[in-house]
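Following: one structure in structure tokens, then a few remarks.
The values are calculated or read from the model by the stated rules, or taken from the named source; none is laboratory data. As the structure is a prediction and not an experimental result, all values here were calculated from the model. Please note: Cβ atoms are built from the backbone with ideal geometry, for glycine as well, and neighbour counts cover all protein chains shown. Only protein heavy atoms, including side chains, enter the accessible area calculation; ligands, DNA and RNA are left aside. Shrake-Rupley method; radii C 1.70, N 1.55, O 1.52, S 1.80 Å.
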Amino acid sequence: MDRRGFLKVVGAGAAVIAIKPSLIRQDLRAEDGQLYRSYEKVQLVGKDNKPIKASDLKTETNYVFNYPYVGTSCILLNLKENVQKGVKLKSEDGTEYIFKGGVGKNGNIVAYNAICPHQLTHVNKADSFISYIPKTKKTMAYKEGGIIVCGSHLSAYDVHNGGAVLAGPAPQPLPSIVLEYADDDTIWAVGVLGSDKFHDYFKSFRSEFKEQFGGKRKAKKLTKISAPTMLLTEYTQEVITY
Amino acid sequence: MVLKTITLSAILSLSLLANNIHKERVSDMKGMADGMALILNGLLYDYSDTAIEGASIIKKHAKKIKDKKDLKKYLPKDTAYAYKFGEKSLKRITEYSDEVIEAFKHKDYSAAQESANLLLRQCNSCHSRVRGW
């Protein structure tokens, strides 16, 4: 192939991807383990639309961003204690996958999709029954804090171990959001690891989507370029914990 | 003697009140269960009016409970703390009942079945928490 031919092939490929990025979106990192799905790569930004810096995140504090869809909220955490690497997890149908750990200078920053796999309790703008309970706080769901608790039926998830179920009726771990950490201390979301409940979720809360996002179709749009990230207490009117 | 009488009367009044709330709760739950049965009949035998009546009955009971000033007192003592969860459940039950009504009005049986499933799931969700299943 001559130089002109080569440039034509590269140019055509770039044009196709520019028109339909989903052609390269899925399973780019499938070799990292099963149940990984890549989505749009988006940067986590603050209210001012400036990239948030990992080192500015308060420890043990619930932050929220919506990913991979406009209507699916995730909890971002900067944990005090070390996050485990290479954690073997199993989804409801028995599929195994590996949680690779957190990001940031100390590898303590993690994010989880905040839709409980039990009965789809989720973070939303009106109220949030699912959130991270700091280490020092008590919860009815488990013997100690430092975990995510779904207040609806008291499922407890281990945020240091890929969202593994510690207690309660949850049938599988919380899906984790795969993050990338850049040299300039910024954070990017690139995919979802684990079995998600997005399909059931989008079928179940039509009234809420209408109220909070202007409809199901709008809630189901992919988050692109950047994801506004804020404190859970700013995002939701009421945080309910048990 | 007077003090004894006052104390006994207070205990008696409180237990009567608790008994009344229990009766009221049972009556509401039975009403909602009857409404659910009507929705299922409507779905199984293609009776839109029956299903709409069922969903309306559920809505009526949900509203009655929602309108109470203090849901904590309405719930069983040991799960009264979960009243916020109860409020949320009532909101969802109302929304799904509305969806059932709308779907039947538009003769959209697939959507009606889906909303009826969600409604039943919400009933069970609340029962499993409040009744400790």
Next item on the list: Can you work out which of the residues in the range B:91-122 that are more than 17 Å from B:ILE52 (Cβ to Cβ) and among the charged types (D, E, K, R) is surrounded by the fewest Cβ atoms within 10 Å (Cβ to Cβ)?
Entry: B:ARG121
Next item on the list: Determine which single condition B:SER125 fails, assuming it passes every other condition in (1) in contact (Cβ under 8 Å) with a residue 24 or more places away in the chain; (2) within 14 Å of chain A (Cβ to nearest Cβ); (3) open to solvent by 40 Å² or more (accessible area, probe 1.4 Å); (4) under 23 Å from A:TYR201 (Cα atoms).
Entry: (3)
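Just one of A:VAL149, A:VAL159 is within 20 Å of A:GLU92 (Cα to Cα) and more than 14 Å from chain B (Cβ to nearest Cβ); which is it? Quick ask: steps written out before the conclusion?
Working: A:VAL149 fails: more than 14 Å from chain B (Cβ to nearest Cβ).
Result: A:VAL159 is the single residue among A:VAL149, A:VAL159 that is within 20 Å of A:GLU92 (Cα to Cα) and more than 14 Å from chain B (Cβ to nearest Cβ).
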Check: Which residues, taken from the range A:184-221, are open to solvent by less than 40 Å² (accessible area, probe 1.4 Å), more than 21 Å from A:THR121 (Cβ to Cβ) and not in a loop (DSSP other than H, G, I, E, B)?
Finding: A:THR186, A:ILE187, A:ALA189, A:VAL190, A:GLY191
Check: How many residues, within the range A:64-79, are in contact (Cβ under 8 Å) with a residue 60 or more places away in the chain and open to solvent by 10 Å² or more (accessible area, probe 1.4 Å)?
Finding: 3
Notebook entry, point to check: Going through the range B:75-99 one residue at a time, which ones are modelled with pLDDT of 95 or more and more than 12 Å from every other protein chain (Cβ to nearest Cβ)?
Noted result: B:LEU90
Item checked: Within the range B:58-90, tally of residues that are closer than 27 Å to B:GLU114 by Cβ and open to solvent by 70 Å² or more (accessible area, probe 1.4 Å) -> 5
